[in-house]
1. Given R₀ = 45 Å, what would the calculated FRET efficiency be for residue 214 paired with residue 2, taking r from the Cβ atoms and rounding to 0.05?
2. If each residue of separation counts as 0.36 nm, what is the full-extension length gain between residue 20 and residue 57 once their alpha-carbon separation is subtracted?
3. Residue separation times 0.36 nm, minus the C-alpha to C-alpha distance between residue 40 and residue 65: what's the value?
4. How much length is gained if the chain between residue 152 and residue 136 is pulled fully straight, taking 0.36 nm per residue apart and subtracting their Cα-Cα distance, in nm to one decimal?
5. Once you order the gyration tensor axes a ≥ b ≥ c over the Cα atoms, which shape class does the range 14-155 get: rounded for a/c under 1.5, otherwise prolate or oblate by comparing a/b with b/c?
6. When a/c is below 1.5 the answer is rounded, else prolate if a/b is larger than b/c, else oblate, so apply that to the chain with a ≥ b ≥ c taken from the square roots of the Cα gyration tensor eigenvalues.
7. Per DSSP H run of at least 4 residues, take -39500 (n - 2.57); add these up for the chain, divide by its residues and hand me the 222 nm value, nearest 500 deg cm²/dmol.
8. What is the range 178-247 by shape, rounded, prolate or oblate, if you read a ≥ b ≥ c off the alpha carbon gyration tensor as root eigenvalues and call it rounded for a/c under 1.5, prolate for a/b larger than b/c, and oblate otherwise?
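What follows draws every value from the coordinates through simple rules; no lab data is involved. This structure is a prediction, so every number in the text was calculated from the model and none was measured. Please note: Cβ atoms are built from the backbone with ideal geometry, for glycine as well, and neighbour counts cover all protein chains shown.
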Ligand SMILES: [Zn+2]
């Protein structure tokens, strides 16, 4: 019990620190975005609705069952005996990802401006332009628009959540996930980096894409980076031949 409380507190602190870091990067304007972690016993620790994610303290976080029911929780250092607030309106999206991906232990949802610009333009980040992104992140698909805060968002990303670790949400933002919060947050940074470089390449005259053979070689190098095999049915990269119309 004592060990579990200590682990909970560690995750609570990690979520607060990640919220501050993503806020400083400009990915979480005002009260936007939400973060969650799935604990070893299956419960979910999530950021509360309406709070600035850069100003959270460990006691602000909400504990839920996997079906979304909120658990009463208090940790040492939380503010008095305050009742827990409501979980983020996007918690349904997080729960959907956890149900589809047993390997996922953390979910980050944010509004990084350039990647969100691509989501608003209706464009996936799936053109093979950056070698490192091809290896570490994978192609980022675009999920169709769904009203933020509704269960429809979970439904819109469901077809992609098993085939990618990052998804653009049309006219909304980005969601990333991984085996821990650090990985999910790093993927959010990588998505924004990929979006920035793609935009700059277009301003500089247009990206020269990698060839299919170059992409294959990059993907085959994943084990050297200690990365697991690609997800089954991973979203394919658009390579140079695809854009030029060659087969
Ligand atoms: Zn959002």
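1. The value I calculate is 0.30.
2. 12.3 nm
3. 7.8 nm
4. 2.9 nm
5. Taking the square roots of the gyration eigenvalues as a ≥ b ≥ c, the range 14-155 is prolate.
6. Prolate shape, in that a/c is at least 1.5 and a/b is the bigger ratio.
7. -12000 deg cm²/dmol
8. oblate
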